[in-house]
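Asker: First the structure, which I've put down as structure tokens, then a few questions once you've had a look.
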Amino acid sequence: MRIEGETSVEKDVWIRRSQPQDAEALQKLMHDYITLFYEQEEPDSKQTAAVITRLLDDEAFGVQFVAETEEGIVGFATLYVSFSTLKMKPQAIMNDLYVTAEMRGGKIGEKLFTACVDFVRDGDYASLVWETAADNEPAQAFYAKMGATLSEWLHYEIS
């Protein structure tokens, strides 16, 4: 998860759970998030659509929140559900937190993040976990500002 430089943008924004009518806008935002922000290969549009549909239909799989202004959807956050054996409760993994470049700086990321935290707390989840690049100091500062602390756990990966 990376957060780049912000600009000052002040607009009315509404944070809410994604709805079926958001699917097309979410697909474009997810495409931009993958290709422009992370500079990865073009995602398969059918797979992206299938993930969005599953998030809309199956809360046991995960949920998405959207940030909406009068211009439309300008950001999203995705939570996937896992389980903590130690706490015997579900655990949420925040896989995505994205705001379009032109809308950064208006506290939209904060609002999306807060919606995720509220969802986890209201749903009696064990915790909300996520990762960010070790060299992504702006993201680390953002999360610290939002009250997050580094986990005592180390993160490993096999590709």
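Quick note: the coordinates plus some simple rules give every number you see, no bench work behind them. Since the structure is predicted, the reported quantities are computational estimates derived from the model, not experimental observations. Positions of Cβ are backbone-derived with ideal geometry, glycine not excepted, and every protein chain shown enters the neighbour counts.
Asker: Can you give the calculated 222 nm mean residue ellipticity of the chain, where each DSSP H run of n ≥ 4 adds -39,500 (n - 2.57) and the sum is split over every residue, rounded to the nearest 500 deg cm²/dmol? Can you show the working numbers first?
Answerer: Working: 4 runs with 47 residues, N = 159.
That calculation yields -9000 deg cm²/dmol at 222 nm.
Asker: Tell me, what are the semi-axes, in whole angstrom and largest first, of the equivalent ellipsoid of the stretch 14-145 as set by the roots of 5 times the Cα gyration tensor eigenvalues?
Answerer: On the way: eigenvalues 96, 70, 47 Å².
In descending order, the three semi-axes are 22, 19, 15 Å.
Asker: Can you tell me how much longer the chain between Ala23 and Lys46 gets when fully stretched, taken as 0.36 nm per residue apart minus their C-alpha distance, in nm with one decimal? Intermediate results must be reported in sequence, preceding the final value.
Answerer: Details: separation 23, 0.36 × 23 = 8.28 nm, distance 1.19 nm.
Using 0.36 nm per residue and subtracting the Cα-Cα distance, I get 7.1 nm.
Asker: If you don't mind, another one. Taking other Cβ within 10 Å of each residue's Cβ, how do Ile34, Ile158 sort, fewest first? It would help to have the intermediate numbers written out before the result.
Answerer: Working: Ile34 17, Ile158 3.
Lowest to highest Cβ neighbour count: Ile158, Ile34.
Asker: Skipping prolines and chain starts, which residues have an amide H placed within reach, meaning under 5 Å, of the one on Gly62, given they are 5 or more residues away or on another chain?
Answerer: Close amide H contacts, sequence-distant or interchain: Val81.
Asker: Enumerate lysine pairs in the chain that are 8 or more residues apart or on different chains, then count those whose Cα atoms are under 26 Å apart.
Answerer: Pairs that pass both the separation and distance tests number 10.
Asker: May I ask you to evaluate 6.51 cos²θ - 1.76 cosθ + 1.60, the Karplus curve with θ = phi - 60°, for each residue of the stretch 51-63 and list the ³J(HN,Hα) values in order in whole Hz, giving x for glycine and proline?
Answerer: Couplings: 5, 4, 4, 5, 5, 6, 9, 9, 5, 5, 7, x, 9 Hz.
Asker: Please compute the contact order of the stretch 33-159 in relative form: average sequence separation of alpha-carbon pairs under 8 Å and at least six residues apart, divided by the residue count, as a percent.
Answerer: Dividing the mean separation by the residue count of the stretch 33-159 yields 16 percent.
Asker: Given the stretch 14-145, what percent of its DSSP beta bridges are antiparallel, to the nearest 5? List each step's numbers first, then the result.
Answerer: Working: 22 of 24 bridges.
Bridges in the stretch 14-145 are about 90 percent antiparallel.
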